[in-house]
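**Student:** One structure is given below, represented as structure tokens, and several questions about it will come after.
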Amino acid sequence: FTDLVLETWDLQCERNGREHRTAAMGCQQLVVRRGQPFAITLHFSGRSYEEGVDKLAFNVETGPCPIETSGTKSHFTVTDFPEEGGWSAVVQQQDGDSLSVSLCSPPNARVGRYSLTLETSTGYQGTSCHLGHFILLFNAWHPEDTVFLRDEDERSEYVLSQEGLIYQGARDYITSTPWNFGQFEDDILSICLNLLDANPKFLRDQNQDCSRRNDPVYIGRVVSAMVNCNDEDRGVLAGRWDNNYEDGMSPMAWIGSVDILKRWKKFGCQPVKYGQCWVFAAVACTVMRCLGIPSRVVTNYNSAHDTNGNLIIDRYLSETGEEDRRSRDTIWNFHCWVESWMARPDLAPGYDGWQVLDPTPQEKSEGVFCCGPAPVRAIKEGDLQLKYDIPFVFAEVNADVVYWVVRGDGSQKKSTHSSVVGKNISTKSVGRDSREDITHSSEYPEGSEKEREVFAKAEHEKSSLREEDEGLHLRIKLSEGANNGCDFDVLAVVTNNTDAERLCRLMLCARTASYTGAVGPQCGMKDLLNVTLAPRAEQTVPLRILYEKYGESLTQDNLIKVVALLTEYQTGDVVVAVRDVYIENPEIKIRILGEPMQQRRLVAELSLVNPLAAPLNNCVFVVEGAGLTDGQQIKELEEPVEPQAEAKLRLDFVPRQAGLHKLMVDFESDKLTGVKGYRNVIIAPQP
């Protein structure tokens, strides 16, 4: 027999991409998921492959110095009876000189960039040929992969969907902002792999790091640390919360992760300025989805930051409702993190499923600013000793808030009001643009011992609430929506649930605020020294909040914090109520002109009315959408937009991919910033 000579080969990027659900990453490179076979075609010249005479073997290698013992290198021959648990190669079909071979990785293989080499031998003569590179990802479709997710709709949303909604605003006024995750956009996969190689654990011990890349728990921890740059590593984003963003991008201006990841790469892995919690979470979500781990961005309202770990957040107020900064503990209006779906073989059974990963730099974990993965189940159960970082996340959703009123003489009076933490935990619904409330995502079966335990705790909480109902009650409500540029009323509603007349002082104070709970200057105030409450009666007191007072100091979070203090003269008891009012931005109207079809030009017409009493200068529309626009389009308006006039823009784009996509729009100007809008567009496939 003459030697078997390999002439050409085809890694079948397009076909394998379709079968492995990676086609959206383009067909320039082979991207496959672990545990699932992929086919390649070999063409020989001179003669065809003969079973029994010719021996074919493959080498796959990943990482800088691949070794078999650490799972980063594998050598396997073409055989009809592959070994269990390793890489395998089987002949699929032979057609003349061409041979189709099906390769398959084990479902626990290391993910990342691999090189593929073919060794052919006939008798003692052998030659080796490098066939190219491929990338291996986690596989949520494979029952033996640790990230296996059973439901197809959930896999579509949490692995394949390139766009989503992130919830913000305030607990009483939840808003959503569109986000372009874009995990399949050009270059994003290679940037995500670069991010793994830029992590300090890899730089310390490359072999050990690469050998652990089969474990989503390890990968999640690395990603959580690498998305922020607080450890002097080459992290992706710098965080900033002080409203001074001139030397970078305001966190409110981003509408997607693609722009951020590309900037990080372009500037040599220097941190991109600036991020806040939802930006950190969204970028981490992009990286995890890109690597194949099912992930979602989750928002927790009234999120506690308990620095001393006692599960109590103490807030101090002066008698005029001014916040006293004597505690480092804070309550954020909302806080976003990522939940990723994976098994936890490193823990006792029962903790598989959603895990919290929080890339926002808050507290160190094992000496590094990262948080998680913390099993959602363990957070619900209060299993604080398990890995990783459960006490911190447990406090975010379970701490108690106590308000102390500090009197002029320095004495403190505890308010009868216990505010609630960890409310309306929200994420985008699967397959729909609506909010799913996952606050109770692990309830217990009815009648179980556990259910009774939780019920007893709830009963105890209810009884303490009932006591409150018997005395004086205070709440703050809004008469109607609060729109940017307009004056509006907030109402303090005071109820006397006793049979006696009560004489009180009512103090109302409004200040502009950030979502982290920090407050700015006062923008509304009322102090009523003699409020007489009839028995079993209710009284409503309005406070008018004027745009001329709040407009200048409104932060880009668009929040006003209203504090009400009711002091009863006879007993000295104090009741506190707090409400965060979200100031609504105008709507961006988006019209699509033309027939939406793949590779056919479409026009988007964007408009927004200036609601303010002053002109808007330096107006910019930023538009992007995975599969729709080629990257990001930035259009500046030439003229200022006068009060009540319309900012208008037409732009065209050529959709590259069929299916449902979101066109996302951000509007920026000198006085109105971070205004978001989106439009769903269904693109028909090319005929």
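**Student:** Being modelled with pLDDT under 80, assigned to a strand (DSSP E or B) and closer than 30 Å to Q168 by Cβ is the filter here, so list the residues in the stretch 404-431 that pass it.
**Tutor:** Within the stretch 404-431, S415, H417, S418, S419, K423 qualify.
**Student:** Return yes or no: is A577 more than 29 Å from the chain's Cα centre (by Cα) and either of a type in the set (D, E, K, R) or buried (at least 17 other Cβ atoms within 10 Å of the Cβ) (or both)? Quick ask: steps written out before the conclusion?
**Tutor:** Values: more than 29 Å from the chain's Cα centre (by Cα): yes; either of a type in the set (D, E, K, R) or buried (at least 17 other Cβ atoms within 10 Å of the Cβ) (or both): yes.
Taking the combined requirement at face value, the residue satisfies it.
**Student:** Mind listing whichever residues of the stretch 202-241 are free of Cβ contacts under 8 Å to residues at least 24 places away in the same chain and over 21 Å from S340 (Cα atoms)?
**Tutor:** F202, L203, R204, D205, E232
**Student:** Among all residue pairs at least 6 apart or on different chains, which show Cβ distances below 8 Å where the first residue, located in the stretch 570-583, is over 16 Å from G517 (Cα atoms) and outside the structural domain of A500 (by the TED database) and the second is at pLDDT below 90 and part of a loop (DSSP other than H, G, I, E, B)?
**Tutor:** Hits for this filter: zero, empty list.
**Student:** Hey, among T62, T2, which residue is in contact with a Lys or Arg (Cβ under 8 Å, 6 or more places away or on another chain) and exposed (fewer than 15 other Cβ atoms within 10 Å of the Cβ)?
**Tutor:** On the way: T62 fails: exposed (fewer than 15 other Cβ atoms within 10 Å of the Cβ).
From the options T62, T2, the qualifying one is T2.
**Student:** Mind telling me which of the residues P106, P82 ends up being under 30 Å from Q206 (Cβ atoms) and open to solvent by 30 Å² or more (accessible area, probe 1.4 Å)? Write out each step before concluding.
**Tutor:** Values: P106 fails: open to solvent by 30 Å² or more (accessible area, probe 1.4 Å).
Checking each option against the conditions leaves just P82.
**Student:** Go through the stretch 475-514 and report how many residues are buried (at least 21 other Cβ atoms within 10 Å of the Cβ) and without any contact (Cβ under 8 Å) to a residue 24 or more places away in the chain.
**Tutor:** Residues flagged as buried (at least 21 other Cβ atoms within 10 Å of the Cβ) and without any contact (Cβ under 8 Å) to a residue 24 or more places away in the chain within the stretch 475-514 amount to 0.
**Student:** Hey, among the residues in the stretch 591-611 that are outside any strand (DSSP E or B) and either in contact with an Asp or Glu (Cβ under 7 Å, 6 or more places away or on another chain) or buried (at least 19 other Cβ atoms within 10 Å of the Cβ) (or both), which one's modelled with the highest pLDDT?
**Tutor:** The residue in question is N610.
**Student:** More than 24 Å from E668 (Cα to Cα), in contact with a Leu (Cβ under 7 Å, 6 or more places away or on another chain) and either surrounded by 17 or more Cβ atoms within 10 Å (Cβ to Cβ) or not assigned by the TED database to the domain that holds L528 (or both): which single residue out of P640, P586, P655 fits that description? Don't jump to the end; show me each part of the working.
**Tutor:** On the way: P640 fails: more than 24 Å from E668 (Cα to Cα); P586 fails: more than 24 Å from E668 (Cα to Cα).
Going through P640, P586, P655 in turn, just one is more than 24 Å from E668 (Cα to Cα), in contact with a Leu (Cβ under 7 Å, 6 or more places away or on another chain) and either surrounded by 17 or more Cβ atoms within 10 Å (Cβ to Cβ) or not assigned by the TED database to the domain that holds L528 (or both): P655.
**Student:** Looking at N230, is it under 21 Å from the mean Cα position of the chain (by Cα) and not in a helix (DSSP H, G or I)?
**Tutor:** Considered against the rule, which asks whether it is under 21 Å from the mean Cα position of the chain (by Cα) and not in a helix (DSSP H, G or I), N230 comes out as yes.
**Student:** Quick check: is even one residue across the stretch 566-573 open to solvent by 10 Å² or more (accessible area, probe 1.4 Å) and of a type in the set (A, V, I, L, M, F, W, C)?
**Tutor:** Checked against the condition, which is being open to solvent by 10 Å² or more (accessible area, probe 1.4 Å) and of a type in the set (A, V, I, L, M, F, W, C), the stretch 566-573 yields no hits at all.
**Student:** Separate question: Hey, any hits in the stretch 244-251 for a residue that's without any contact (Cβ under 8 Å) to a residue 40 or more places away in the chain, farther than 29 Å from D352 by Cβ, among the charged types (D, E, K, R) and open to solvent by 40 Å² or more (accessible area, probe 1.4 Å)?
**Tutor:** Within the stretch 244-251 (the criterion being without any contact (Cβ under 8 Å) to a residue 40 or more places away in the chain, farther than 29 Å from D352 by Cβ, among the charged types (D, E, K, R) and open to solvent by 40 Å² or more (accessible area, probe 1.4 Å)), the answer is yes, since at least one residue qualifies.
**Student:** Take the conditions free of Cβ contacts under 8 Å to residues at least 24 places away in the same chain, closer than 23 Å to S434 by Cβ and outside the structural domain of P251 (by the TED database) and apply them to L628. Does it pass?
**Tutor:** No.
**Student:** So which residues in the stretch 612-626 are out of contact with any Ser or Thr (no Cβ under 9 Å at 6 or more places or on another chain) and in a strand (DSSP E or B)?
**Tutor:** F621, V622, E624
**Student:** Does the stretch 173-188 contain at least one residue that is acidic (D, E), within 22 Å of Q355 (Cα to Cα) and not assigned by the TED database to the domain that holds N558?
**Tutor:** no
**Student:** Would you tally the residues in the stretch 53-84 being more than 39 Å from the chain's Cα centre (by Cα) and among the hydroxyl-bearing types (S, T, Y)?
**Tutor:** 2
**Student:** Restricting attention to the stretch 351-362, does a residue exist that is closer than 30 Å to R234 by Cβ, open to solvent by less than 10 Å² (accessible area, probe 1.4 Å) and touching a Cys at 6+ places or on another chain (Cβ under 6 Å)?
**Tutor:** Looking through the stretch 351-362, at least one residue is closer than 30 Å to R234 by Cβ, open to solvent by less than 10 Å² (accessible area, probe 1.4 Å) and touching a Cys at 6+ places or on another chain (Cβ under 6 Å).
**Student:** With closer than 23 Å to V405 by Cβ and not assigned by the TED database to the domain that holds C277 as the only criterion, which of A518, A537 stands out? Reasoning before the result, please.
**Tutor:** Details: A537 fails: closer than 23 Å to V405 by Cβ.
The conditions single out A518.
**Student:** Also: Kindly provide the set of residues from the stretch 140-173 that are of a type outside the set (D, E, K, R) and under 16 Å from the mean Cα position of the chain (by Cα), ordered by number.
**Tutor:** Matches in the stretch 140-173: Y158, V159, L160, S161, Q162, G164, L165, I166, Y167, Q168, G169.
**Student:** Let me ask something else. Is it true that some residue in the stretch 215-230 is of a type in the set (D, E, K, R) and closer than 20 Å to G372 by Cα?
**Tutor:** Within the stretch 215-230, one or more residues are of a type in the set (D, E, K, R) and closer than 20 Å to G372 by Cα.
**Student:** Can you list the strands (runs of 3 or more DSSP E) found entirely within the stretch 27-125 that contain at least 2 residues being of a type outside the set (S, T, Y), touching a helix residue (DSSP H, G or I) at 6+ places or on another chain (Cβ under 7 Å) and assigned by the TED database to the domain that holds N16?
**Tutor:** In the stretch 27-125, the matching strands (runs of 3 or more DSSP E) lie at 30-33, 38-45, 112-122.
**Student:** Would you confirm, using the coordinates I've provided, whether D670 is buried (at least 22 other Cβ atoms within 10 Å of the Cβ) and of a type outside the set (S, T, Y)?
**Tutor:** Against the criterion (buried (at least 22 other Cβ atoms within 10 Å of the Cβ) and of a type outside the set (S, T, Y)), D670 does not qualify.
**Student:** Could I ask something else about it? Out of all the residues in the stretch 632-668, which are modelled with pLDDT of 95 or more, part of a loop (DSSP other than H, G, I, E, B) and among the small types (G, A, S)?
**Tutor:** A645
**Student:** Test K262 against the stated conditions and say whether it is without any contact (Cβ under 8 Å) to a residue 24 or more places away in the chain, in the same structural domain as Y158 (by the TED database), in a helix (DSSP H, G or I) and out of contact with any Lys or Arg (no Cβ under 7 Å at 6 or more places or on another chain).
**Tutor:** No, not satisfied.
**Student:** Checking the condition touching a residue at least 40 places away in the same chain (Cβ under 8 Å), on the phi > 0 side of the Ramachandran plot and exposed (fewer than 13 other Cβ atoms within 10 Å of the Cβ), which residue from G46, G26 passes?
**Tutor:** G46
**Student:** Go through the stretch 369-402 and report how many residues are closer than 21 Å to D329 by Cβ, at pLDDT 80 or above and assigned to a strand (DSSP E or B).
**Tutor:** Within the stretch 369-402, residues that are closer than 21 Å to D329 by Cβ, at pLDDT 80 or above and assigned to a strand (DSSP E or B) number 1.
**Student:** Restricting the search to the stretch 110-136, which residues are open to solvent by 70 Å² or more (accessible area, probe 1.4 Å) and within 27 Å of S211 (Cβ to Cβ)?
**Tutor:** R113, S128, H130, H133
**Student:** Please work out if D145 is open to solvent by less than 70 Å² (accessible area, probe 1.4 Å), more than 25 Å from E14 (Cα to Cα) and charged (D, E, K, R).
**Tutor:** It is false that D145 is open to solvent by less than 70 Å² (accessible area, probe 1.4 Å), more than 25 Å from E14 (Cα to Cα) and charged (D, E, K, R).
The values are calculated or read from the model by the stated rules, or taken from the named source; none is laboratory data. These numbers were taken from a predicted model, which means no experiment stands behind them. With ideal geometry, Cβ positions are generated from the backbone for all residues, glycine too; neighbour counts draw on all protein chains shown. Just so you know, the surface numbers come from the protein's heavy atoms only, side chains and all, with ligands and any DNA or RNA stripped out. Shrake-Rupley method; radii C 1.70, N 1.55, O 1.52, S 1.80 Å.
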